[in-house]
Structures are given as structure tokens and as C-alpha cells.
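The values are calculated or read from the model by the stated rules, or taken from the named source; none is laboratory data. This structure is a prediction, so every number in the text was calculated from the model and none was measured. Here the Cβ is made from the backbone with ideal geometry for all residues, glycine too, and neighbour counts use every protein chain on show.
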Amino acid sequence: MSVALPDAERVYAELVRQLEPLVTPETGMVGIQTGGAWVAERLHRDLGLVVPLGTLNISFYRDDYASSGLHANVRPSQIPFDVNGRRLLLVDDVLFTGRTVRGAMNELFDYGRPESIGLVVLVDRGGRQLPICAQIVGATLAVPAGAKLDLRRDGAGRLSLHLEPGG
């Protein structure tokens, strides 16, 4: 399978460039575990947001929970701020079917009613099964059917994209 993958660090820099004029220090940011939380941690720091960073574990909100179960190394959700009336940025690494984002929004509304939710993704690979789109996208990439696009983070926090057969 030969797909030229973009450099994840360059794609990340593109996200920062797009977000800088849109955020205020009071913007709330929530990363979807695991890869989305990695991207959100860096964005939160690099954009100088004041509101503490939130993370979501959407395992219980997935529509395939009965078949996939709970993954062993996922931490619980933490939203350390009031979401009511706040502009939120929901961050994920790869947007594919839209089902992860749907689960994340369901969980966010358990915490309150935000003013708005903007979706930020490192990579949009297409293949939507639900009518969900990101407002901020670092890169759009055509990924072969059946392949999995995976974000990895090394010990220094550098991001990289990998294509895996299957998935």
C-alpha cells in the first residue's frame, strides 16, 4: 500500500496557523483520547489557552461498545471547567466515519450545554457514515479502503502518521 503520508508536525503547524486568529484565552478545548488528546495538549499550550484542558474517553458512548468493550489503557474523561455557554473546540487526530465525534458530542452534553462546538482534526481521511464535518482541518488525505491511519507520539512528544493494513 503506497500512500504518501504528510509530515504530522507540518500538519500540526497548519492547525496552529488556522486556529490562532479564532481562539481567545477563554476558549475551552477538549481532546478525544488518545490521539486527539495528544494534539489538544500541544494546541492548548501553543495557543496560550487559559481554561484548563479537558479530555474525553468516549468508550461508553461508542455505538460499537458491545462488540469492542473498554480498552485497557484509556483514562476516564476529565472536563475541569464549566461547559455551559462556552465556545468549545473538540480535537481529534483522524476524522473517518464520524462515529467517534458523535460519541464525544453526546458525552459533552452530559457536562452541560456549550454555546458552540467546533471540530478540529489533524487529518480528515473521508469515508463519513454520519453527517459530521470538521471546521478546522490540518490535512485531507485519501486513505485506501480497509486501511487504518494511525497517529503516534514519540518520547519527545513529536507526532507521526502511519498507515496500517486492515482496520
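Note on segment 7-28: among residues that are in contact with a strand residue (DSSP E or B) (Cβ under 8 Å, 6 or more places away or on another chain) and assigned to a helix (DSSP H, G or I), the one that is nearest to Tyr111 (Cα to Cα) is Leu19. Within segment 99-109, none of the residues are more than 15 Å from Ile58 (Cα to Cα), crowded, with 19+ Cβ neighbours inside 10 Å and touching a residue at least 40 places away in the same chain (Cβ under 8 Å).
Counting just the residues of segment 117-167 that are over 17 Å from the mean Cα position of the chain (by Cα) and in a strand (DSSP E or B), which one comes out modelled with the highest pLDDT? Filtering segment 117-167 for residues that are over 17 Å from the mean Cα position of the chain (by Cα) and in a strand (DSSP E or B), the one modelled with the highest pLDDT comes out as Leu163.
Applying a threshold of 9 Å to beta carbon distances and a minimum spacing of six or more residues, or different chains, the list of pairs starting in segment 51-68 at a residue that is more than 17 Å from Gly98 (Cβ to Cβ) and at pLDDT 95 or above and ending at one that is among the charged types (D, E, K, R) and surrounded by 13 or more Cβ atoms within 10 Å (Cβ to Cβ) reads Val51/Arg86; Leu53/Glu41; Thr55/Glu41. Screening Thr24, Thr34 for residues that are surrounded by 12 or more Cβ atoms within 10 Å (Cβ to Cβ) and at pLDDT below 95 leaves exactly one candidate, Thr34.
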